[in-house]
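Trainee: Have a look at this one before I ask anything.
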Amino acid sequence: MSKEIFNKIQDLKKQILHHDRLYYNFDQPQISDHDYDLLYKKLKDLEDKHPAFKTKDSPTQKVPGEALDKFKKEAHSQMMLSLQNSYSKQEIKDFYERMKKLLDIDSPEFFMEPKLDGVAVELIYEKGFLTKALSRGDGKVGENITQNIKTIRGVPLQLNPMKTSSQKTPSLLEVRGEVIILKKDFKTINKQQEELGESLFANPRNLASGSLRQLDSKVTLKRPLYFYAHSLGSSKNFSVTNQKDFMEALKNLSLPCLLTSKKKLKSPYLSQLSNSLHHLLKYYDEINKLRHSLPFEIDGIVLKINSFEQQKRLGQTARSPRWAIAGKFHPEEAITQIEDIVLQVGRTGVITPVAVMKPVSLSGVTIRQASLHNFKEMSRKDIRPKDFVVIHRAGDVIPEVLKSLKEKRNKNSKPFKDPKNCPNCKEPLQQDGDYLRCKNILCSAIRERSLIHFASKGAMNIEFLGEKNIKKFHEWGWLTNFSSFYDLPNKDLTQQEGFGEKSFELLVKSLEKSKKTTLSKVIFALGIPHVGEQTAQKLAEKVLEKLSNKSCNLHAALSILQNLKEEELTEISDIGIVVAASLRDAFQNKKLIADLKNLHKKGIYFVEEKKTTQLKGLQFVITGTFPLDRKDIKKSIEQKGGKVSSQVSKKTNHLLVGKNPGSKKQKAEKLNISQINWNEFKKLT
Ligand code: IVH
């Protein structure tokens, strides 16, 4: 018997550690948080019943996760702990009673906060300046992610006590909190990933974590991350005595926390103080109800003893403080049956399997379909036609099939066979990373999606033409390629149902308006695989550099695009060999070239690119000599939204160091300011 229990414990430990690695180190969880917590609870219950089998290396005795080698590892001055989880009101009641007993107080005071589903980080402010930021790692040692944290708008580089408050700048302040990404941004970024045929992020937490783990902080800069503070590490000259005052002090120092009063966040509800069990339970229900209307993901509430002195008295275990508990929400899941698996052809030819399911209601929305992303993912999850499946809404936005219920599966069920041919044009498909792709440039399904993309807002922005009309005109043979959009006014449109004089006029107007555009929009509009808005922008910048003294027209730009060498392409920071090959294929394609020449003839032209925002909020100082003239470097920084100043100060984000630097270098060293060389700078832009 005991051997059996020992083996069971060993097995659970192995499983949990495996899932910890997937979640914390690779940002690729394979089970839901709830299933993970169930495994954890099983292990904890077994260990509590059989303490002889509890070992120091058990996941119940340590903070999950570890620091990765790719960043410099640094020790936390105080351990960054995890939280005890609870899934029922009874467990919250037990916690309340435990606190009463341990503190010997009738009604202890609690600070109640939402539990943000993000990535834990620690920001270290010395004499008011952000000098270091660490990830949680294994709780003892984290990764130094200072450069990436500095790209987060809203994280002050310098603390700024409000004039009206008595709060002074502390000489040391270690603030802990969560880095998150908003649900709407998660949705947009995943849509872009899907369109480009790149892997999807499982949920907003995952995307935030992946963004923070970038070695290249310019990638982090592009991700709209937010930080919210929730707890205190070490501090000096910072005299607060409880969690509520701590949060107020953070607000005064302009650090974002869940007291930050933003209407959208319904802040009066977000954090509260209470000493009654009734309120604690009510708060759990209220926040649970509110969670879907919040702009970010939360997965529960956190109840903390308010007084720091009482917290100290209660102490901590190896893994979590005794003075706090997470009241986790039950995941919103539903069970339904897959009726069919259909195949969709995207504009870049990616074939996506989509589960068509018996309609089911999930957090107030009726779900009928869910993307299964790609065939590898479908086979990893072993999802088959007619399976009963558990679905949930990832990031509260996209319905996702979590798993199939194998026990309910029909004996004769067979896995879905990967298609060999395009469901539309029947041409053989090709494997491209995780995806199957139709590479037939004549495939009408791809053409239809490409035409819709060409006219869309971020591309040529032909305002009047919606998806429905494009599909109709394509079906009638009026839209055959990109330039054919500009032939539409020659068609007898007014004879078509629902298309009067007024619509005709609007169409002509919006076509005319779309003719004046930017080169990056034209490149993006072409829908070249792996070429999203950012890459198109970079490529356009390169072409514009080369075009500087020549005429700025589509014909000239095309000839540059056709002649760009592979080395010139891969020199551009967003472009690797896969993207370069995709660009080469596109600009050697005779049909596309003819189409582009036609667009030029129809009067499509581009003007100088507008300012971009890659360097928004960053202040640079330049020292030494560079391959480019100083004036041009300054112009390029300003065009990208950054600022250049002549003196190094605490406000400087980066000192750009060239050959033979001057005294600014020493000053930057003194102030601990990031120094970057020409190559690093080029990567950043
Ligand atoms: S307090 C444990 N408050 O949840 C030390 N943590 O699952 C005190 N978290 O590692 C943490 N929202 O990163 C606290 N309002 C909140 C939180 C919160 C999210 C994270 C935190 C912790 C993890 C444990």
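The values are calculated or read from the model by the stated rules, or taken from the named source; none is laboratory data. The model shown is predicted, which means the values in this text are computed figures rather than measured ones. No Cβ is skipped: glycine too gets one built from the backbone with ideal geometry, and neighbour counts run over all protein chains shown.
Trainee: Answer with yes or no whether residue 213 is of a type in the set (D, E, K, R), within 22 Å of residue 29 (Cα to Cα) and either buried (at least 22 other Cβ atoms within 10 Å of the Cβ) or touching a Leu at 6+ places or on another chain (Cβ under 6 Å) (or both). First the steps, then the outcome.
Mentor: Values: of a type in the set (D, E, K, R): yes; within 22 Å of residue 29 (Cα to Cα): yes; either buried (at least 22 other Cβ atoms within 10 Å of the Cβ) or touching a Leu at 6+ places or on another chain (Cβ under 6 Å) (or both): no.
The answer is no for residue 213.
Trainee: Hey, another quick one. Among the residues of the stretch 113-138, which ones are small (Gly, Ala, Ser) and either surrounded by fewer than 21 Cβ atoms within 10 Å (Cβ to Cβ) or more than 10 Å from the ligand (Cβ to nearest atom) (or both)?
Mentor: First pass over the stretch 113-138, keeping only residues small (Gly, Ala, Ser): 118, 120, 128, 133, 135, 137.
Answer for the stretch 113-138, where residues must be small (Gly, Ala, Ser) and either surrounded by fewer than 21 Cβ atoms within 10 Å (Cβ to Cβ) or more than 10 Å from the ligand (Cβ to nearest atom) (or both): 128, 133, 135, 137.
Trainee: Can you give me the number of residues within the stretch 621-658 that are in a loop (DSSP other than H, G, I, E, B) and closer than 22 Å to residue 151 by Cα? First the steps, then the outcome.
Mentor: Pass one, the stretch 621-658, residues in a loop (DSSP other than H, G, I, E, B): 624, 626-629, 640-642, 645-653, 658.
Now drop any that are not closer than 22 Å to residue 151 by Cα, which leaves 640-642, 645-653.
Number of matching residues: 12.
Trainee: Tell me, which residue of the stretch 88-112 that is at pLDDT below 95 and touching a Leu at 6+ places or on another chain (Cβ under 9 Å) is nearest to the ligand (Cβ to nearest atom)?
Mentor: Only one residue fits best here, namely 89.
Trainee: Here's a follow-up. Taking the stated definitions as given, is residue 597 free of Cβ contacts under 8 Å to residues at least 60 places away in the same chain, in contact with a helix residue (DSSP H, G or I) (Cβ under 7 Å, 6 or more places away or on another chain) and assigned to a helix (DSSP H, G or I)?
Mentor: Judged against the criteria, residue 597 is a match.
Trainee: A further question on this structure: Cβ-Cβ below 6 Å, separation at least six or inter-chain, first residue in the stretch 116-142 and among the polar types (S, T, N, Q), second away from the ligand (no atom under 14 Å from the Cβ) and part of a loop (DSSP other than H, G, I, E, B): which pairs?
Mentor: From the stretch 116-142, the pairs are 131/672; 135/145.
Trainee: Find the residue count for the stretch 140-182, including only residues that are more than 16 Å from the ligand (Cβ to nearest atom), more than 23 Å from residue 218 (Cβ to Cβ) and of a type in the set (D, E, K, R).
Mentor: Residues meeting the conditions: 2.
Trainee: Among the residues in the stretch 394-406, are any farther than 18 Å from residue 351 by Cα, in a loop (DSSP other than H, G, I, E, B) and of a type in the set (A, V, I, L, M)?
Mentor: Within the stretch 394-406, one or more residues are farther than 18 Å from residue 351 by Cα, in a loop (DSSP other than H, G, I, E, B) and of a type in the set (A, V, I, L, M).
Trainee: Just to confirm my filter: which strands (runs of 3 or more DSSP E) fall fully inside the stretch 423-540 and include at least 2 residues that are more than 22 Å from residue 193 (Cβ to Cβ)?
Mentor: Once the strands (runs of 3 or more DSSP E) in the stretch 423-540 are filtered for at least 2 residues that are more than 22 Å from residue 193 (Cβ to Cβ), what remains is 516-518.
Trainee: Looking only at the stretch 69-80, decide whether some residue is out of contact with any His (no Cβ under 8 Å at 6 or more places or on another chain), within 15 Å of the ligand (Cβ to nearest atom), over 17 Å from residue 145 (Cα atoms) and at pLDDT 90 or above.
Mentor: Checking the stretch 69-80: at least one residue is out of contact with any His (no Cβ under 8 Å at 6 or more places or on another chain), within 15 Å of the ligand (Cβ to nearest atom), over 17 Å from residue 145 (Cα atoms) and at pLDDT 90 or above.
Trainee: Taking the stretch 512-558 as the search range and keeping residues that are crowded, with 22+ Cβ neighbours inside 10 Å and touching a Phe, Trp or Tyr at 6+ places or on another chain (Cβ under 6 Å), which one is farthest from residue 440 (Cα to Cα)?
Mentor: 519
Trainee: Another question, if that's okay. Answer yes or no as to whether residue 591 is of a type in the set (D, E, K, R) and assigned to a loop (DSSP other than H, G, I, E, B).
Mentor: Numbers: of a type in the set (D, E, K, R): yes; assigned to a loop (DSSP other than H, G, I, E, B): no.
No: the conditions fail for residue 591.
Trainee: Counting only residues that are out of contact with any helix residue (DSSP H, G or I) (no Cβ under 7 Å at 6 or more places or on another chain) and surrounded by fewer than 17 Cβ atoms within 10 Å (Cβ to Cβ), how many does the stretch 353-376 have? Break it down stepwise before answering.
Mentor: Looking only at the stretch 353-376, we keep the residues that are out of contact with any helix residue (DSSP H, G or I) (no Cβ under 7 Å at 6 or more places or on another chain), and these are 354-362, 364-371, 373-376.
Adding the requirement that they be surrounded by fewer than 17 Cβ atoms within 10 Å (Cβ to Cβ) leaves 354, 356, 358-362, 364-366, 368-369, 376.
Total satisfying the criteria: 13.
Trainee: Only one of (1) among the hydrophobic types (A, V, I, L, M, F, W, C); (2) modelled with pLDDT of 90 or more; (3) part of a helix (DSSP H, G or I) fails for residue 17. Which number is that?
Mentor: For residue 17, the failing item is (2).
Trainee: Can you list residue pairs whose Cβ atoms sit under 7 Å apart, with the first residue in the stretch 453-472 being within 16 Å of residue 526 (Cα to Cα) and the second being acidic (Asp, Glu)? Count only pairs 6 or more apart in sequence or on different chains.
Mentor: Pairs found: 458/533.
Trainee: Residues in the stretch 154-168: is at least one in a strand (DSSP E or B), touching a Ser or Thr at 6+ places or on another chain (Cβ under 6 Å) and not basic (Lys, Arg)?
Mentor: No.
Trainee: On to the next question. Contact list please: Cβ distance under 6 Å, first residue in the stretch 314-337 and closer than 30 Å to residue 360 by Cβ and modelled with pLDDT of 95 or more, second residue within 13 Å of the ligand (Cβ to nearest atom) and part of a loop (DSSP other than H, G, I, E, B), pairs at least six apart or on different chains.
Mentor: Note: pairs meeting the criteria are 326/83.
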